[in-house]
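Below you'll find the structure, written out as structure tokens, and then a few comments.
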Amino acid sequence: MQALDIKLLRDFRRLWAQALAIALVLGCGVAIFLTSFGMYNALEDTRAAYYERNRFADVFSETRRAPAPLEAEIAAIPGVATVETRVVGSVILDIPGRTQTAVGRVISLPNGGMPQLNIPLLRAGRLPAPEATDEVAVNEPFARANGFVPGDSFHANLNGQKRQLTITGTMLSPEFIYTIGPGQMMPDNAAFGILWMPERAAAAAFDMTGAFNSVALSLTRDAQTAEVIDRLDDLLDPYGGFGAYGQETQLSNSFIDAEIMQLRTLAMVLPPVFFGISAFLVNMVLARIIALERSEIGLLKAVGYSDAEVCQHYLMLAGLVALSGIVLGFGAGSWLAHALARLYADFFDFPYLIFRVSYDAYAISAAIALGAAGLGALRSALAAARLSPAIAMQPPAPPRYSRGLFDRALGALRLSQPAMMVFRSILRWPVRAGLTTLGLALAVAVMVAATFTDDALDEILDVAFSQSNRQDTMLLFAEDRPVSVLEEVRRLPGVLVVEGHLYLAAELRHGPRSKQVAIEARPPESDLSRVIDGTGRVVAPPPGTILLADRLAAQLNVQPGDVIEVEFLTNRRETFQLPVAGLVTQYFGLGAYMDFDTVNTLFRQAPRVSTASLLIDEGHEDALHARLKEMPGLAGTIMLTESRRAFEDTIAENVVIMTTIYATIAILITVGVAYNGARVQLSERARELASLRILGFSRGEVSAILMGETLVLALAAQPLGWVLGWAIAWSMTEGFTSDLYAIPLVLKPATFAQASLVVLVACVVAVLVVRRRLDNLDLVAVMKTRE
Amino acid sequence: MDRPIFRTKALSKVYDTGGAKVHALAGVDLELFAGELAVLLGPSGSGKSTLLNILGGLDHASAGKVWFKDIELTALRERGLTRYRRDHVGFVFQFYNLVPSLSARENVQLVTDVARDPMDPAEALGLVGLSNRLDHFPAEMSGGEQQRVAIARAIAKRPEVLLCDEPTGALDSKTGVQVLEALKDINERFGTTTIVITHNAAIRRMAHRIVRFQDGRIVSVETNETRLAPHDIDW
């Protein structure tokens, strides 16, 4: 091995603590990049492959009841490649050993077996026989969650008739990668299942013989999706079409989109912070090493090493630091990606897992890490290369301090000499001081941005459950029912309070903007289910008006007082102009609310309801569910209490994990910046500090000078960190907001305090470690060595 | 010994230290011959080190010319000077300038790695009497030993010239003598042209010639009729 390489390795070993502090920060960047970018690619690739192989449709629409011959007309729409019509419906399931009801979504299978679009993948068993009326294939997660294997059976309330259904096989479908039941906040596979049933049986059960109520299309390559959707709507309108939509609005797909968007945001926002800080740290440490090795550089040149060789030597030192960071990052990133993949496996139902981070992601992250370290090292390494050997052999000129404006201001403060030393040093190297402050501020910001999600989720839960949806259970009726059904429900065991609501599919239009939503018509006295405005007040939609969720209003560019056009996609498909009376705070979905009587008047109909909200006596829950399983005309039940508990459990678990990860990250950044900063200062000031000791300053006074600068910068970093944290949190709420959900920007003083506490404590500990070296300083040796 | 190895003509060097111009060398004409051991004497700031740096290709002249044999050093660019230092010149400094993280052998290897026809590092260390200290680090050696490592490092590439800037400046008389013995031995054994800067006038007595500097100029050049061995020099 060349002597210069031996020097390199020994220098690296000597600098291990500083190198490690940098490598950990760099490693964080690599790990997060690998995880987010790698998973983003993996998720997108997996989805794309799955969609292609199993022919996920491009356009979907549901309708009340369309005659089968309409299929030919749909196929004739220019741009349509394949048409798949089918019968879908919702049923209440009675699962052996399960007290509560479960909900099943029935989807018909064509007589030939598999459909042409949204082709399910048979995972076990076989398809139900085309003639069979009591056979179904179910989605694999539903079978797994309930312990079903092919051959097992359960009961379903099909159109008022309780039937035993036998499972012939388990399947997965590109339509249900994220399988979420009506009213669920997250997948609950035991409570919601997909049942594939032969067409004849499904049509008989839902009274759809010779008709269909769901259609999926694939388009030709050159098709205009929006145009096809318009044409399809025109064809389905007379048959109660609920409005066609594209892939991007398909429920399962939009959840995956949201996840992919989050990963992309993460890959874009966090890693650059780490790479930037690493570059700064490499720069700071290497500049100091080169200052210390000035005469060695002179010697290397004197004995004939070229500028390029000297430059390369120091770049390689940075390269070794980067390499350590890469190794750490690869380790942590692979582990994180694995953990995330396992988490995805819980939520997303893919038939195959391409959840392996590609070699590209490893290569790219390593290249970026090397680039960041190289960039940080470049200036110093070039300076080393440019150093003339004759000058390098001479001691460097003392740093130039001057009496600037700031200095005179400091003088006016009559600070002690040690305090002057601290402040002058900050002013002497303003860029370094600025970057140190920024580094520490980013640590604070990362903590703020991480902890804020905890408060935000609390707010979401509070608004969703404590304030808005206070019912225990919701019953979804297969068809809208006269309000008298509420009397029937009230007589069910354990029911304390009942409220009915009507849901109406509608398209809202304002200028060029439009949005399909479900409008909820509510009696003004509704108390279980409430609507909350921006100030937290309970509001009821005034008669003749409409209330909109704030995000929906933003999408339509509507202010309270504006008039919007509302086209109802049900009943007579009439269109009305309605003033927007106000905005509603809502974090799930895009809600729109109207007064119950107003709707009945507009539709000239006797009052009807689509759902019943119940407050129940927990003691009678079992009896209630036993009755619900038999109740005709019920399409589903929503267990809000269950939903809330599951949501809280998942969040509690995730919050602990996330807070731990981000606090670790913040501590790593802080230690990386503070430790290296203090080490560099100790090295620069060893003689100065030793002189002070010889002059009679105590250890405490001398270490105050050393720690002073870092701590002053750490304090200055706090307000900056809060502002940056607020900005990151804000951009996260913007980035994560979709039609499905939104995250409120909730920042409590405790969040800022906690972030500052973690960073300041980490900072003090890091500086104290360096201070120990000061205690061991050999005064005589320091004074003797040539600077 | 009459073949000049270095030739300078009207050599001058001006340092511009922010306003005040310092004439470190003010028109130096000098010839140094192959195989000679020359001592440069003079007070601080008289221009000795500046001359040595320019002869060694560490620094550029402001005006005038320098030849190493047939090569005009003042015409070389950075790359040529690096090449020149790598192939022809050995340096010994007052503060040894050893790399603390490398052992004696590795410090010498630093030079042999890039030299064209080097000795084995152990051989070079043997020449300065350090065969038993090969794997010691600088911090484990005395000043005299460290300086001898520096000499071994300088001679390991078999240089034609050895430039020594105050080689005994940081040493006591006993270890200083050891170092001078090593320099004399190398000069005689390999015929290496050796130029030594010193403040210690007594050392002049081991030289072939003594060049005296004052205010950037040469004030005298004398030839020793009888040279003394280092251990006979009255320190």
Whole-Å semi-axes of the ellipsoid equivalent to region A:632-787 (Cα gyration tensor, √5λ, descending): 52, 15, 12
Diffusion coefficient in µm²/s returned for chain B by Stokes-Einstein, Kirkwood Rh over C-alpha pairs, 25 °C and 0.890 mPa s, is 137 µm²/s
Nearest 5 percent is fine: what portion of the DSSP beta bridges confined to region A:62-254 is antiparallel? 70 percent
Give me the distance in nm between label points sitting 7 Å out from Cα along the Cα-to-Cβ direction at B:Ser44 and B:Leu134, one decimal. 4.1 nm
Relative contact order of chain A, defined on C-alpha pairs under 8 angstrom at six or more residues apart (%): 18 percent
Chain B - mean residue ellipticity at 222 nm from DSSP helices (-39,500 (n - 2.57) per run, n ≥ 4, rounded to 500): -8500 deg cm²/dmol
Dipole moment magnitude, nearest 20 debye, chain A about Cα centre, only Lys, Arg, Asp, Glu C-beta charged: 4480 debye
Name the aspartates and glutamates eligible as straight-distance cross-link partners of B:Lys9: C-alpha to C-alpha under 15 Å, and not fewer than 8 places from it in the same chain. B:Asp29, B:Glu31, B:Asp70, B:Glu72
Relative contact order %, chain B, counting alpha carbon pairs below 8 Å whose residues are six or more apart: 26 percent
What's the magnitude of the charge dipole for region B:1-63 around its Cα centre, counting Lys and Arg as +1 and Asp and Glu as -1 at the beta-carbon? Answer in Debye, nearest 20. 120 debye
Along the dipole axis of chain A (charges at Cβ: +1 for Lys and Arg, -1 for Asp and Glu; origin at the Cα centre), the most positive-end residue among A:Gln754, A:Gly210, A:Ala3 is A:Ala3
Just order B:45-53, A:377-385 by mean Cβ neighbour count inside 10 Å, highest at the front, would you? B:45-53, A:377-385
Return the lysines within reach of A:Lys162: Cα separation strictly under 17 angstrom, same-chain partners fewer than 8 residues apart disregarded; answer none if there are no such residues. A:Lys629
Antiparallel bridge percentage (DSSP; both residues within the protein assembly as shown; nearest 5): 75 percent
Within 10 Å of each Cβ in B:82-95, how many Cβ atoms from other chains are there, averaged over the peptide? 4
For B:109-121, mean number of other protein chain Cβ atoms within 10 Å: 4
In this structure, among B:Lys21/B:Lys174; B:Lys13/B:Lys157; B:Lys69/B:Lys174; A:Lys7/B:Lys69; B:Lys21/B:Lys157, pairs with alpha-carbon gaps over 31 Å are B:Lys21/B:Lys174; B:Lys69/B:Lys174; A:Lys7/B:Lys69; B:Lys21/B:Lys157
Work out from phi, with θ = phi - 60° and the Karplus expression 6.51 cos²θ - 1.76 cosθ + 1.60, the ³J(HN,Hα) of each residue of region A:254-261, listed in order in whole Hz, and give x for Gly and Pro. 6, 5, 5, 4, 4, 5, 5, 5
Between the helical axis of A:699-736 and the dominant principal axis of chain A, each derived from Cα atoms, what acute angle in degrees is found, rounded to the nearest 10? 20 degrees
Please give the average number of partner chain Cβ atoms lying within 10 Å of the Cβ of each residue in A:380-391, rounded to a whole number. 2
Rg followed by Dmax, in Å, when region A:108-163 is reduced to its Cα trace: 12.2, 31
Dipole of region A:435-490 [Lys/Arg +1, Asp/Glu -1 at C-beta], most positive-end residue of A:Ser466, A:Val446, A:Leu435: A:Leu435
Need one number: the % of Cα-Cα pairs in region A:495-616 sitting beyond the 16 Å mark. 58 percent
A:Phe588, A:Phe60 arranged by Cβ crowding within 10 Å, fewest neighbours leading: A:Phe588, A:Phe60
Burial ordering of B:Tyr96, A:Tyr359, fewest other beta-carbon atoms within 10 Å first: A:Tyr359, B:Tyr96
Sorting A:Ser468, A:Ser278 on the 10 Å Cβ count, fewest up front, what's the list? A:Ser468, A:Ser278
Taking the Cα centre as origin and putting +1 on Lys and Arg beta-carbons and -1 on Asp and Glu beta-carbons, what dipole magnitude results for region A:495-616, to the nearest 20 debye? 240 debye
Using amide H atoms built 1.01 Å from N in the peptide plane, name the residues 5+ places from A:Gly241, or on other chains, whose amide H lies under 5 Å from its own. A:Arg64
Helix-derived [θ] at 222 nm for chain A: sum -39500 (n - 2.57) over DSSP H runs of at least 4, divide by residue count, nearest 500? -18000 deg cm²/dmol
Amide H of B:Glu36: which non-local residues (sequence gap of 5 or more, or other chain) have their own amide H closer than 5 Å, using H built in the peptide plane? B:Thr194
The relative contact order of region A:74-129, taking Cα pairs under 8 Å that sit 6 or more residues apart, comes to a percentage of 28 percent
q = 0.04, 0.07, 0.08, 0.09 Å⁻¹, the protein assembly as shown: log10 I(q)/I(0) [Debye, one scatterer per Cα]: -0.36, -0.76, -0.87, -1.00
Mean shadow area of region A:62-254 over all directions, Cα convex hull, nm²: 10.6 nm²
The farthest towards the positive end of the charge dipole of chain B, of the residues B:Gly64, B:Thr50, B:Ala34, given +1 on Cβ of Lys and Arg and -1 on Cβ of Asp and Glu, is B:Gly64
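Just so you know, all these numbers are worked out from the coordinates, no wet-lab data involved. None of these values were measured; they are calculated from a predicted model. Here Cβ is always computed from backbone atoms with ideal geometry, including for glycine, and neighbour counts include all displayed protein chains.
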